[in-house]
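To keep things clear, I will list the structure first and then write my remarks on it.
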Amino acid sequence: TRRFFVESLMQRLDRRDSGFLVAVSFLDALHPALCQAVTGYADSQETLERLCDATPILTEGVGSSWLRIHALAGEFLREGFAALPDADKQRYYSAAAT
């Protein structure tokens, strides 16, 4: 049931937003600047804000600009990340490390 809920939620997102979430799913915590470095999306701040408002996938820290992916959604998204080509995963890892 939980997996169905997350799958249904992800299917309602546009391709860009779902791709964004998969690309950053390996991170423990999300920050707009870090997400921009990983995805290359100049509008990462707006994307995160929109996803926070529109879905229960992201949780905000009190008084912080850092976010976390809900555990259930994170599990699902990391499966998508694992299915990415190795070159893409390596590019995301490298971007996050710099």
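See the values below:
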{"read-out": "Options Glu46, Glu7; residue that is of a type outside the set (Ser, Thr, Tyr), touching a residue at least 24 places away in the same chain (Cβ under 8 Å) and surrounded by fewer than 16 Cβ atoms within 10 Å (Cβ to Cβ)", "value": "Glu7"}
{"read-out": "Yes/no for Arg91 being more than 21 Å from Glu7 (Cβ to Cβ), surrounded by 15 or more Cβ atoms within 10 Å (Cβ to Cβ), out of contact with any helix residue (DSSP H, G or I) (no Cβ under 6 Å at 6 or more places or on another chain) and not acidic (Asp, Glu)", "value": "yes"}
{"read-out": "Long-range neighbours under 8 Å by Cβ, at least six apart or interchain, first residue closer than 15 Å to Pro56 by Cβ within segment 11-25, second part of a helix (DSSP H, G or I) and polar (S, T, N, Q)", "value": "Asp17/Thr47"}
{"read-out": "Residues located in segment 71-98, provided they are hydrophobic (A, V, I, L, M, F, W, C) and part of a loop (DSSP other than H, G, I, E, B)", "value": "Ala83, Leu84"}
{"read-out": "Residue satisfying condition, being surrounded by 12 or more Cβ atoms within 10 Å (Cβ to Cβ) and within 16 Å of Tyr93 (Cα to Cα), within set Leu51, Leu27, Leu67", "value": "Leu27"}
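Values quoted throughout were computed directly from the atomic coordinates according to the rules given, and no laboratory measurement underlies them. Just so it is clear, the structure is predicted and the values come from calculations on it, not from any experiment. A quick note on method: Cβ atoms are made from the backbone with ideal geometry, for glycine too, and the neighbour counts reach across all protein chains shown.
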